[in-house]
Amino acid sequence: MSHYPEARFITSANARKQFVPDTGVEVAVAGRSNAGKSSAINVIVNRRRFARTSKTPGRTRLVNFFSLRDDQRLVDLPGYGFARVADSMREHWGELLAEYFQSRQSLRGLLMIVDIRRQLKDYDRQMMAFAEAVNVPIHILLTKADKLKKGQASRAVLEVRKEVGDRATVQQFSALSRQGENEAREVLQRLLTSEP
């Protein structure tokens, strides 16, 4: 049973003027292509195929708005970094993401999806900078934790925590084993009900 039974796709935007009205609250989800962003969203919302998954990295090319319940949204940002796209498209994404973060008064937090085996990359640091510039809390999901042994996964978490310090909270997550789903869902709910 989904924790968000009324959850539904609203629209995709390729420009600021296509964003949904800036009312209520929303949490953005961002991640390097191939980090398991769509799978993580599906597990947290507890709805199969809610966000479309693909074997081809970088399929999220627009800003996708989802309604979770009245005046609460999840916003799936374009996958970045690994996608094979023209430089002009990559530049457009950068501008679109900057506009998104700078313009949204309803934004309450950023869930950042990072492959636990890859650690933070420049793209992830750029997303953190966008969120920090507008004083938005960041929570990092280190996905694919099932791919590492327990000790390796724990070390990876410590390394990321050491790098981000108090700029973000960090947890292990696996869409396959559903490790960390309750913690991630609680963080999402806390962000959605937080004051600006």
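In the range 2-15, the residues that are of a type in the set (Ser, Thr, Tyr) reach residues that are in a strand (DSSP E or B) and modelled with pLDDT of 90 or more with C-beta atoms within less than 8 angstrom, at least six apart or across chains, in these pairs: 4/68; 4/69; 11/64; 11/65; 12/63; 12/64; 12/65.
Taken over the range 9-35, residues that are farther than 23 Å from residue 174 by Cα and of a type in the set (Lys, Arg) amount to 2.
When the test is whether a residue is under 22 Å from residue 106 (Cβ atoms) and either crowded, with 16+ Cβ neighbours inside 10 Å or aromatic (Phe, Trp, Tyr) (or both), residue 7 passes it. Of the residues making up the range 135-156, those that are more than 15 Å from residue 187 (Cβ to Cβ), touching a residue at least 24 places away in the same chain (Cβ under 8 Å) and of a type outside the set (Asp, Glu) are 144, 145, 147, 148, 153, 156. Restricting attention to the range 20-42, the residues being assigned to a loop (DSSP other than H, G, I, E, B) and in contact with an Asp or Glu (Cβ under 8 Å, 6 or more places away or on another chain) number 5.
The values are calculated or read from the model by the stated rules, or taken from the named source; none is laboratory data. Fair warning: this is a prediction, and the values are worked out from it, not measured in the lab. Positions of Cβ are backbone-derived with ideal geometry, glycine not excepted, and every protein chain shown enters the neighbour counts.
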